[in-house]
Amino acid sequence: MLAVVLAVRIVIHIVNSMSYSALSSMPLYSEPAPVRDKCESNAFAYLVALKAGNSSASAFWKPGVTPQTLFHVRDFHDLQHGPFVQPNGKPYKIPRVYYEYEVESSTKGGLPTRKRWGVIMEPSSQAFGGDPCPVVQLAKMP
């Protein structure tokens, strides 16, 4: 509650410090900021945890699935995402999505590498702790 009160006071201070002309030129309505879907947020947070060397990365995985890892993640960039289908082109029984990243990491032996990895997720399943959209696979992407 205290945080809300402080935030309101800051906004009031900013508005009071603005000139009338600045206020009158502000639009009455603005588009809301784009919201990341939960799968996108989890895929990103999973790679951030790997980069930080945080053991909590395994909490993003679906229970019953053995977590995979990437070694010594140094950097990553998102490339694309979409539905993930079986090699025969048919969808999985439980629908999956992928988030593809270019990842700079190391091999198990310590050699630097840069590869495209897909973080494969199931939007309708739950991770440890009940969080939606768990990771079910890491896949090398073409």
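The values are calculated or read from the model by the stated rules, or taken from the named source; none is laboratory data. Fair warning: this is a prediction, and the values are worked out from it, not measured in the lab. Cβ placement follows ideal geometry from the backbone for every residue including glycine, while neighbour counts extend to all protein chains displayed.
One residue stands out in region 113-123 among those that are assigned to a strand (DSSP E or B) and either touching a residue at least 24 places away in the same chain (Cβ under 8 Å) or under 19 Å from Ala45 (Cβ atoms) (or both): the one that is farthest from the chain's Cα centre (by Cα), namely Lys115. For Tyr46, indicate whether it is touching a Phe, Trp or Tyr at 6+ places or on another chain (Cβ under 9 Å), assigned to a strand (DSSP E or B), of a type outside the set (Gly, Ala, Ser) and in contact (Cβ under 8 Å) with a residue 24 or more places away in the chain. Here the answer is no, as Tyr46 does not meet what is asked.
Within region 82-134, the set of residues being among the basic types (Lys, Arg), modelled with pLDDT of 95 or more and under 21 Å from Leu50 (Cα atoms) comprises Arg114, Lys115, Arg116. Does any residue of region 56-70 turn out to be at pLDDT 85 or above and charged (D, E, K, R)? Checked against the condition, which is being at pLDDT 85 or above and charged (D, E, K, R), region 56-70 yields at least one hit.
Candidates in region 86-112 are the residues that are of a type in the set (Ser, Thr, Tyr), without any contact (Cβ under 8 Å) to a residue 60 or more places away in the chain and assigned to a strand (DSSP E or B); of these, the one that is nearest to Phe76 (Cα to Cα) is Tyr101.
Residue selection: Val73 fails the criterion of being among the aliphatic types (A, V, I, L, M) and over 17 Å from the mean Cα position of the chain (by Cα). Residues Pro91, Pro112, Pro95, Pro123: which one is farther than 16 Å from Ser56 by Cα and exposed (fewer than 11 other Cβ atoms within 10 Å of the Cβ)? Unique residue meeting the criteria: Pro112.
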